[in-house]
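To start, the structure under review is shown below, and the notes come after it.
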Amino acid sequence: MSSENALAELRLTTRADHDRIENILRLTEPMAMERYAAVLGGFDAFLRAWEPRIHAALPERLQGWFRARRRGGFASADVEWLRTVAEVEPAPLSAHLAATLPLGDLAEVLGSMYAIEDSALGGRVIAPHLKRTLGLGQGRGASYFHGFGGQTAAMWSNFRVLASLEIGESSRSTVRACQSARRTFAALIDLFMPLAPPAEPVAARADAPQRIAPALLVAFGADAPASPQPPPSDDMQIDLVVDDEETEGDTVLELPLDELELDDQDEGSGDTVRMQL
């Protein structure tokens, strides 16, 4: 497995998670300032717990590289601007899972970073939308999504190169990086789930009314109001053929159905019932 394949695996493995968090946040749709403030408050809470853990888990040779790309300070500045200038208090969201993500080796650290770095790319679309719809911008409540501005794409490429080299060609490291990325996305999904759109109600399926054959209703006395009832059986007759070699022709005995009573010994004997005349 080549190092480039490791990044391809990360992308494929987390595609569904990426789509799900986008569907929850809906940051390119119109929203009230209060909802936007809740989103910023969630990112601020997550990064306050996550960034120090990532920094501590990285080898010393990579800590300076990571410090130069931290964005938690942008989110904190946005939350403060919303409180003091826009006078909007973010609704509290719990980022408890950020403090429990496993970061035992470099592959897991880079996998977790992949989830956050991937989300930064969306800022190139989200920031102009926030400016048009809410009048927000860099230094005015949207610094987090503005990020590093024109340097965002270059910083993403830099991360890809470094992650590819550090994860290397090891299948085990690639798997651990993918698992860590998915756990990080899952933590973000759990964090922002209170902001998810309500689930659309599923229309109840109307079952077709059960129809019972009239003959079964007569035989077993089944009660099925939705089924057409058979006509009363008072006038129903059954023709019984009696074979008698001494009689010319066939003798037919006609009895009303409700007067025909069979002994237990005759049950199940066949379609023709012999009657003694």
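A few comments on the model shown:
- Exactly one residue out of L110, L101 is in contact (Cβ under 8 Å) with a residue 12 or more places away in the chain, under 26 Å from S171 (Cα atoms) and either part of a loop (DSSP other than H, G, I, E, B) or basic (K, R) (or both): that is L101.
- Whether a residue is modelled with pLDDT of 95 or more and either part of a loop (DSSP other than H, G, I, E, B) or farther than 22 Å from Y36 by Cα (or both) was assessed, and E87 passes this test.
- Any hit, region 69-81, residues being without any contact (Cβ under 8 Å) to a residue 12 or more places away in the chain, closer than 24 Å to L103 by Cβ and among the polar types (S, T, N, Q): no
- Verdict on L93 being outside any loop (DSSP other than H, G, I, E, B), touching a Pro at 6+ places or on another chain (Cβ under 9 Å) and buried (at least 18 other Cβ atoms within 10 Å of the Cβ): no
The values are calculated or read from the model by the stated rules, or taken from the named source; none is laboratory data. Computed from a predicted model, the values in this text were never measured in an experiment. Cβ sites come from the backbone with ideal geometry, for glycine too, and all protein chains shown count toward neighbours.
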